[in-house]
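The values are calculated or read from the model by the stated rules, or taken from the named source; none is laboratory data. In this text the structure is predicted, and so the values were computed from the model without any measurement. Glycine gets a Cβ as well: all are built from the backbone with ideal geometry, and neighbour counts include every protein chain shown. Keep in mind that these areas ignore ligands, DNA and RNA; they rest on the heavy atoms of the full protein, side chains included. Shrake-Rupley method; radii C 1.70, N 1.55, O 1.52, S 1.80 Å.
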Amino acid sequence: MKHILLVDDVSTNLKCEGLILEGKYKITMVKSGREALAFFKTEIPDLVLLDIYMDEIDGYEVLECMKAAPETAEVPVILLTADNGKKSKERGMALGAVDFIRKPVEPQMLLDRIEALWKTEE
């Protein structure tokens, strides 16, 4: 079963995303960029769904750290954000994100985008 790491500082977002994905994937949830980086020291997921705007270490910084580390450089990252600005998407994609989804997340669209990502990797 594919393993997805959900990173968001808002518990409600984690719960909603977790409900969409449960039963289909192994899910781990963390509430900060710092927790995500610590998680990578013990386990490497198949995909990271990463919120951009978080306290201390934001999603951009997590993404930069992931791409700089050989263990996580190839792990795909989908950015999730309520920000609808073009610059946020451009910055995230330039840093190595494979996709960008605006919140609130539509359940079927999230599932479709994840499946499409894995089909292109095969």
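Observations on the model:
- Subtracting the Cα-Cα distance of GLU22 and GLU56 from 0.36 nm times their residue separation leaves 9.4 nm of extension gain.
- Using a cut-off of 30 Å between Cα atoms, the listed pairs LYS15/LYS119; LYS26/LYS86; LYS41/LYS86 include LYS26/LYS86; LYS41/LYS86 as exceeding that distance.
- Between ASP112 and LYS86, the FRET efficiency estimated from the beta carbon spacing at R0 = 22 angstrom works out to 0.45.
- Cα shape, the chain, gyration tensor, a/c 1.5 rule: rounded
- Note on ALA38 and ARG102: the model spin-label points, each 7 Å out from Cα along the C-beta direction, lie 3.4 nm apart.
- Rolling a 1.4 Å probe across the protein heavy atoms gives the chain an accessible surface of 54 Å² per residue.
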